[in-house]
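Chemist: Here you go, one structure.
Bear in mind these aren't lab numbers, they're just calculated from the coordinates by the rules spelled out. Everything numeric in this text was worked out from a predicted model, so none of it was measured. Every residue, glycine among them, receives a Cβ derived from its backbone with ideal geometry; neighbour counts consider all protein chains shown.
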Amino acid sequence: MNKEPIKIKPRRILVVEDEEDIVGLLTFHLEKEGYQVQSALDGAVALQHAFNNPPDLVILDIMLPEVDGLEVCRRLRSNKLTASVPVLMLSARKEELDKVLGLELGADDYMVKPFGIRELIARVRAMLRRLEQKEDVVDIEQAEESILQFGEIVLYPERHQVSVRGEACSLTHKEFLLLQLLMLNSGKVLTRELLLDKVWDYEVEVDTRTVDVHVRYLRQKIEDDPANPTYIETVRGVGYRFARR
Ligand code: CA
């Protein structure tokens, strides 16, 4: 049984680019979105970072000193640690990106410079979402008694307690299970149907609106501003996600 707290960390993005202005711009905007950013100004350093501590996503420029972006991508793909990390390629020349496509290096998306920062952020989000959809939903039983921690929220399964900003927070049994399931699957969108199934276990007289009502109560207890939640996000038309960024 794992007694170490599971610390839910924000998604990490490795930015590989030798133009410092662009690194600065990307870092600023990605951090504002809540991602953790590491940067490398050349391909050799990028590979070192990636293999030491594999990121959740790589933004990779093609024109780089030392090892170019094409070779970086190839080496990321051929190492077990980084083989499935999504790569967003950047290039100032469209012909170069066509070459990337032709080489089938396994980059997941491409953008031509100069790019719009909002467009880039949207692509990054979409790539991470695809990644999260591939991951299986973790059940509460699988987590056993692991303490879960994200930001100022700590959940203690054994004591059936939650603390927010260091203060005990009183949750009902269903609210507790709902939060536990969302935290265990942070970053993943959980549908109302799935939440209903796992938390309510086919109790009679409940439907997906029950989930919405409980999420509303839960937000009032854990969010700084329940009208603008930062922990439990609504994914319109689908369900809810515990933020990981
Ligand atoms: Ca460059």
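Chemist: In degrees between 0 and 90, to the nearest 10, how far off the longest principal axis of the chain does helix 94-103 point, with axes built from Cα atoms?
Modeler: Approximately 70 degrees, to the nearest 10.
Chemist: If you rank M63, M183 by fewest surrounding Cβ atoms within 10 Å, what's the result? Don't skip to the end; give the middle numbers.
Modeler: Numbers: M63 16, M183 24.
Exposure proxy ranking, most exposed first: M63, M183.
Chemist: Kindly work out what percent of the DSSP beta bridges joining two residues of the chain are antiparallel, to the nearest 5. Don't skip to the answer; put the middle values down first.
Modeler: Details: 17 of 36 bridges.
Beta bridges within the chain, antiparallel portion: roughly 45 percent.
Chemist: Can you list the lysines whose alpha carbon sits under 29 Å from that of K113, skipping same-chain ones fewer than 8 residues off?
Modeler: K32, K94, K99
Chemist: Let me know the shape class of the chain, please: from the alpha-carbon gyration tensor, a ≥ b ≥ c as square roots of the eigenvalues, rounded when a/c is under 1.5, otherwise prolate if a/b is greater than b/c, or oblate.
Modeler: prolate
Chemist: Among the lysines, which fall within straight-line cross-link reach of K134, defined as a Cα-Cα distance under 20 Å, with same-chain neighbours fewer than 8 residues apart omitted?
Modeler: Partners within reach: K9, K80, K188, K198.
Chemist: At 222 nm, what value in deg cm²/dmol follows for the chain if DSSP H runs of at least 4 each add -39500 (n - 2.57) and the sum is divided by all its residues, to the nearest 500? Could the numbers behind the result be given before it?
Modeler: Values: 9 runs with 96 residues, N = 245.
Computed ellipticity for the chain at 222 nm equals -11500 deg cm²/dmol.
Chemist: Where in region 76-178 are there GluC sites (Glu not before Pro) that are in a DSSP coil and have at most 15 other Cβ atoms within 10 angstrom of their Cβ? Intermediate results must be reported in sequence, preceding the final value.
Modeler: On the way: sites: E95, E96, E104, E119, E132, E135, E141, E144, E145, E152, E158, E167, E175; in loops: E104, E135, E144, E145, E152, E158.
Listed in order of number, the matching sites are E104, E135, E144, E145, E152, E158.
Chemist: Using Cα centres only, tell me the gap between region 1-79 and region 105-165 in whole Å.
Modeler: 17 Å
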